[in-house]
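The values are calculated or read from the model by the stated rules, or taken from the named source; none is laboratory data. Since we're looking at a predicted model, the values are computed, not measured. So basically every Cβ, Gly included, is an ideal-geometry build from the backbone, and we count neighbours across all protein chains shown.
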């Protein structure tokens, strides 16, 4: 594939991904404000953006086997907590932007958790084992992800159990 075209596909993927997530958050807000039809519109367009995302990833052969995808996810999460977020935190501290620093710190700490989950699942698959059955819960304040048992309070941001959402 032409290098410029591959760069363009990557950029399109990035833009569609941001739009998909932004529209899902907009849908939550519209729902809370009492605009269910607007929420549906945002979710519908977010779903369309997801189709674009899938198509773009297929163009650059970026979707591998589940084992390959676990390895890629593990590497990506590790890069976030070892390289990306520490720099972002440092800059936010220098700029005295406490909200950004807190957001980056929470994400950084949670990415370490994600890494351990992906890495363990990858190692199981590499050894020919099925990853262990688990139920996951996500803190709706900081994104902390826990397996099976929700703590009394989130160890990352300190909110109570009720802030965790079960993921099916």
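Some observations on this one:
Let's see how each residue does on (1) in the same structural domain as residue 7 (by TED's automatic domain parsing); (2) at pLDDT 95 or above; (3) under 21 Å from residue 14 (Cα atoms):
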site: 47; (1), (2), (3): yes, yes, yes
site: 73; (1), (2), (3): no, yes, yes
site: 86; (1), (2), (3): no, yes, no
site: 90; (1), (2), (3): no, yes, no
site: 96; (1), (2), (3): no, yes, no
site: 111; (1), (2), (3): no, yes, yes
site: 118; (1), (2), (3): no, yes, no
site: 121; (1), (2), (3): no, yes, no
site: 145; (1), (2), (3): no, yes, no
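- Subset tally (residues that are surrounded by fewer than 12 Cβ atoms within 10 Å (Cβ to Cβ) and in a helix (DSSP H, G or I)) for segment 26-41: 3
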